[in-house]
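Quick notes on the structure that follows.
The values are calculated or read from the model by the stated rules, or taken from the named source; none is laboratory data. Given the structure is predicted, the values throughout are model-derived calculations rather than measurements. Neighbour counts run over all protein chains shown; Cβ positions are idealised from the backbone, glycine included. Surface areas here come from the heavy atoms of the whole protein model, side chains and all, with no ligands, DNA or RNA. Shrake-Rupley method; radii C 1.70, N 1.55, O 1.52, S 1.80 Å.
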Amino acid sequence: MLAKRVSLRIFLRAAIACLALGTSSLFAGVDVVDFSDESLRPRYQQLVEELRCPKCQNQNLADSNSAISQDLRRQVQQLLEKGLSDDEIKAYLTSRYSDFILYRPDVNKNTWALWGAPVVLLLLGLFLLRRMSSKTSQPIVPTVTSNERDQERLRKLLGDDKGDVQQ
Amino acid sequence: MNRLTLFIPLLVCLALGAFLYSSLDSDPQELPSALIGKPFPEFSLPDLNDAERQRNPSDFRGDDGKGRVVLVNVWATWCYACRIEHHFLNILAEQGVAIVGLNYKDDRAMAQDWLTNRGNPYLFSIFDAEGTLGIDLGVYGAPETYLLDAEGVIRHRRVGVVDQRVWDEEFHALYQQLTDDADAR
């Protein structure tokens, strides 16, 4: 019993160690960045997560290991050290790599449809929902059109020729 | 309710289908170029074959300083597609097209060997070891080719291999027009 418990404990420890090692190896892919001022680090992190790798499909600079992403991360770091604001850095990169590099591009003539579509679709959905619900909320008045022959058939089918089905 | 409104979903589906069908041909790797219509970025970088010599945009203008239509081709020895492209660049150079090489993030000795072995279609090659000019140009892969007019303004950009088909489709007419414009001045 005791041996079992000990082996379970060892197993759990090993599992936790594996998990810890697993996460640390994830971080190993990210290069070490030194800043003269530590307050730049969160801004750097935010920027490389928001900027898109131009070479790869759908990866940000932070996640990508391609050569161009490494260069651009270094460039972002240098621009931060130079004292540029976040907007200035984004402008620097968009003037070279176009809006493609931004995961959250500004609203302009190329992107208004992208930004506007969700709002338009939401409004359309609400409009349709309202129309449909206003229709179903009307009381349903069944229009019974039955003649003598139908009544006769109905009575026969129900096997009841005494009562009046229609009540 | 008008029965014609029942066709709206069908029309929406057809429109969506047409949009998606037309998108099949577009290349997701292709970025819209931010530099078309803008002057070639300033730089001062060593020449590939002569480390002492600094190259800058004024070298595009030619010895007489008059200005000429120039192709700037981004290449590197590590770039597999550049191998395929190189032969066609040699042909273009033989036809008298002025091509400047931008040797991008490469090893100098290997790049020099490459030109010795495969022929050198370039008037000169800029040696951009760090890729700084690459970043200013918005380069994200090699090969890339830029067409500059006689004023040094970027008029066209091609990401990927330039071969006879691409030249005929994208470059030739514009190159001819820009050359005529330059001659008329």
* Structure fact -> Cβ pairs under 7 Å, 6+ apart or interchain, first in region A:54-67 and more than 7 Å from every other protein chain (Cβ to nearest Cβ), second open to solvent by 70 Å² or more (accessible area, probe 1.4 Å) and assigned to a loop (DSSP other than H, G, I, E, B), ordered by first then second residue, are A:ASN60/A:TYR103; A:SER66/A:LYS55
* Asked: Being in a strand (DSSP E or B), in contact (Cβ under 8 Å) with a residue 24 or more places away in the chain, open to solvent by less than 30 Å² (accessible area, probe 1.4 Å) and away from chain A (no Cβ under 14 Å), is that true of even one residue in region B:104-115?
  -> no
* **Which numbered condition B:VAL100 misses (of (1) open to solvent by 30 Å² or more (accessible area, probe 1.4 Å); (2) free of Cβ contacts under 8 Å to residues at least 60 places away in the same chain)** => (1)
* **Number of positions in region A:93-109 that are assigned to a loop (DSSP other than H, G, I, E, B) and either open to solvent by less than 50 Å² (accessible area, probe 1.4 Å) or within 8 Å of chain B (Cβ to nearest Cβ) (or both)** => 2
* Might you check whether a residue that is more than 14 Å from chain A (Cβ to nearest Cβ), open to solvent by 90 Å² or more (accessible area, probe 1.4 Å) and more than 17 Å from the chain's Cα centre (by Cα) occurs anywhere in region B:22-41? => yes
* Odd one out for B:PHE43, checked against (1) touching a residue at least 12 places away in the same chain (Cβ under 8 Å); (2) assigned to a helix (DSSP H, G or I); (3) under 30 Å from A:TYR103 (Cα atoms) -> (2)
* Asked: Right, B:ASP136: within 21 Å of B:PHE60 (Cβ to Cβ), within 14 Å of another protein chain (Cβ to nearest Cβ) and open to solvent by 10 Å² or more (accessible area, probe 1.4 Å) or not?
  -> yes
* Asked: In the list A:ARG73, A:ARG96, A:ARG104, which residue meets the criterion of being within 26 Å of B:ILE36 (Cα to Cα), touching a Gly at 6+ places or on another chain (Cβ under 6 Å) and free of Cβ contacts under 8 Å to residues at least 60 places away in the same chain?
  -> A:ARG96
* Kindly provide the set of residues from region A:68-92 that are charged (D, E, K, R), assigned to a helix (DSSP H, G or I) and more than 12 Å from every other protein chain (Cβ to nearest Cβ), ordered by number. => A:GLU81, A:ASP86, A:ASP87, A:GLU88, A:LYS90
* To do: Check region B:71-91 and report whether any residue there is among the charged types (D, E, K, R), open to solvent by less than 60 Å² (accessible area, probe 1.4 Å) and not in a loop (DSSP other than H, G, I, E, B).
  => yes
